[in-house]
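Engineer: Supplied in structure tokens, the structure appears directly below.
The values are calculated or read from the model by the stated rules, or taken from the named source; none is laboratory data. Please read these numbers as outputs of a predicted model, since none were measured by experiment. Cβ coordinates were reconstructed from backbone atoms using ideal geometry, including for glycine residues, and neighbour counts include every protein chain displayed.
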């Protein structure tokens, strides 16, 4: 039998989670950038905790492939790369399309209602032109769709991929050319699901994910070239 946790143990966990949540938010809002060295003391002062919870939080983020530790140097946010983001979208495609049969089999009115709400939330974020809400509601829609399959392992894998996208690629996720079309494609996905059209759902989901992947990688490639021209070959994007 494991020993009972003391109030002190619970407090340590709470502080580490507070630090973890705060650092995630900073990463999402690009207050800490890819490639940047993480300064423990500055983070601890900003969050209002000691350095120990910050280090625990960074270990959790290291496990999720968001940051890395270099011996005698400290923690750094992992850099972004075209290869990685392409692999993320290709893996998303495999997972999300593989869930279609289970989604159709287990779909019920309550699940369809949840997905419609997620679609409407994304539509409002697009109408408000709120960049960060667009990202969150877009991913919320995809997670809601995947959850209808009731396949926990695939859902957890998908959440891990979205975590990397949110925390390291948030500034690269939306380019003007895909902002409006993504909402239309979400509507196409919903309509195919509503009709229980497997072929249509496969096609709509595949088209949507590959289109977004191609727009994002093309946009990132252009930004890398532009920023290298501005800062020289040594600039790390």
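Engineer: Considering only segment 143-154, state which residues are crowded, with 16+ Cβ neighbours inside 10 Å and either modelled with pLDDT under 95 or not in a helix (DSSP H, G or I) (or both).
Structural biologist: Correct list: 148, 149, 151.
Engineer: If I go through segment 59-85 residue by residue, how many of them are under 14 Å from the mean Cα position of the chain (by Cα) and either on the phi < 0 side of the Ramachandran plot or in the same structural domain as residue 220 (by TED's automatic domain parsing) (or both)?
Structural biologist: Matching residues across segment 59-85 total 6.
Engineer: So which residues in segment 78-106 are outside any helix (DSSP H, G or I) and either touching a helix residue (DSSP H, G or I) at 6+ places or on another chain (Cβ under 7 Å) or free of Cβ contacts under 8 Å to residues at least 60 places away in the same chain (or both)?
Structural biologist: 78, 80, 81, 99
Engineer: Quick test of your reading of the structure: residue 167 fulfils all but one of (1) touching a residue at least 40 places away in the same chain (Cβ under 8 Å); (2) closer than 18 Å to residue 96 by Cβ; (3) crowded, with 20+ Cβ neighbours inside 10 Å. Name the failing condition by number.
Structural biologist: (2)
Yes/no matrix, rows are residues, columns are (1) over 19 Å from the mean Cα position of the chain (by Cα); (2) at pLDDT 85 or above; (3) surrounded by 13 or more Cβ atoms within 10 Å (Cβ to Cβ):
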{"residue": "191", "(1), (2), (3)": "yes, yes, yes"}
{"residue": "200", "(1), (2), (3)": "yes, yes, yes"}
{"residue": "214", "(1), (2), (3)": "no, yes, yes"}
{"residue": "235", "(1), (2), (3)": "yes, no, no"}
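Engineer: Follow-up question, since we're still on this one. Run down 111, 123, 140 and say which single residue is free of Cβ contacts under 8 Å to residues at least 24 places away in the same chain and either part of a helix (DSSP H, G or I) or surrounded by fewer than 16 Cβ atoms within 10 Å (Cβ to Cβ) (or both).
Structural biologist: Step by step, each of 111, 123, 140 is checked, and only 140 is free of Cβ contacts under 8 Å to residues at least 24 places away in the same chain and either part of a helix (DSSP H, G or I) or surrounded by fewer than 16 Cβ atoms within 10 Å (Cβ to Cβ) (or both).
Engineer: Of these, 183, 158, which one is assigned to a helix (DSSP H, G or I), in contact (Cβ under 8 Å) with a residue 12 or more places away in the chain and farther than 22 Å from residue 218 by Cα?
Structural biologist: On inspection, the qualifying residue turns out to be 158.
Engineer: Further question: Give the number of residues within segment 69-100 that are surrounded by 14 or more Cβ atoms within 10 Å (Cβ to Cβ) and closer than 15 Å to residue 34 by Cβ.
Structural biologist: Final tally of qualifying residues: 11.
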